[in-house]
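Presented below is the structure to which this report refers.
The values are calculated or read from the model by the stated rules, or taken from the named source; none is laboratory data. It should be emphasised that the depicted structure is a prediction, and the values quoted were computed from it without experimental measurement. Don't worry about glycine lacking a Cβ; one is built from the backbone with ideal geometry, like all the others, and counts go over all protein chains shown. Ligands, DNA and RNA are stripped out before the accessible areas are found, and what is left, the full protein with its side chains, is counted by its heavy atoms. Shrake-Rupley method; radii C 1.70, N 1.55, O 1.52, S 1.80 Å.
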Amino acid sequence: MLTGFKNFIMKGNVVDLAVAVVMGTAFGAVVTALVNKVLMPFIAGLVGSPNFDSFARVDFNGNAVEFGVLLTAIVNFLLIAAAIYFVVVMPMNHMIERRNRRLGIDKNVKEEAAEDPQVALLTEIRDALKDRAV
């Protein structure tokens, strides 16, 4: 029973997932710091407020409907997406492109994959049935 558990824990997928979660958490702190301490103060300097929480607040039967909170969440999402794109995705794509050029790999040239033997057999059967029906 413990051997099975040990085998499960030691599988590559579980360890890879654990590493990804830890790295994602650590990287999340970096992105959060970038957004909260760099980008949002910059926006606050432009607009005059670090968030839009008090924007478009409406009282409806004694309940506060706060559209500004939604706007703040959308702006935060877009800032985080932009930060990840410009800090991680774009440089990574550039590095991959440089590596592929150095190795002589052209991403526009698609190598033809070997056809699955079962698909080839089914195609032959289909063609034979078509010829037989005519």
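Here are the numbers:
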item	result
Single match in V15, V69, V19, V38 (criterion: surrounded by 11 or more Cβ atoms within 10 Å (Cβ to Cβ), at pLDDT below 85 and out of contact with any helix residue (DSSP H, G or I) (no Cβ under 7 Å at 6 or more places or on another chain))	V15
Condition check for M90: within 30 Å of D106 (Cα to Cα), open to solvent by 60 Å² or more (accessible area, probe 1.4 Å) and more than 17 Å from the chain's Cα centre (by Cα)	no
The range 103-113 - residue that is of a type outside the set (K, R) and open to solvent by 100 Å² or more (accessible area, probe 1.4 Å) and, of those, modelled with the highest pLDDT	L103
Test: residue in the range 101-108 that is in contact with a helix residue (DSSP H, G or I) (Cβ under 8 Å, 6 or more places away or on another chain) and on the phi > 0 side of the Ramachandran plot	no
Meets criteria (open to solvent by less than 100 Å² (accessible area, probe 1.4 Å), at negative phi and of a type in the set (S, T, N, Q)) for N76	yes
So F77, is it modelled with pLDDT of 85 or more and under 22 Å from the mean Cα position of the chain (by Cα)	yes
The range 22-32, subset of a type in the set (A, V, I, L, M) and within 15 Å of V88 (Cα to Cα), residue most open to solvent (accessible area, probe 1.4 Å)	M23
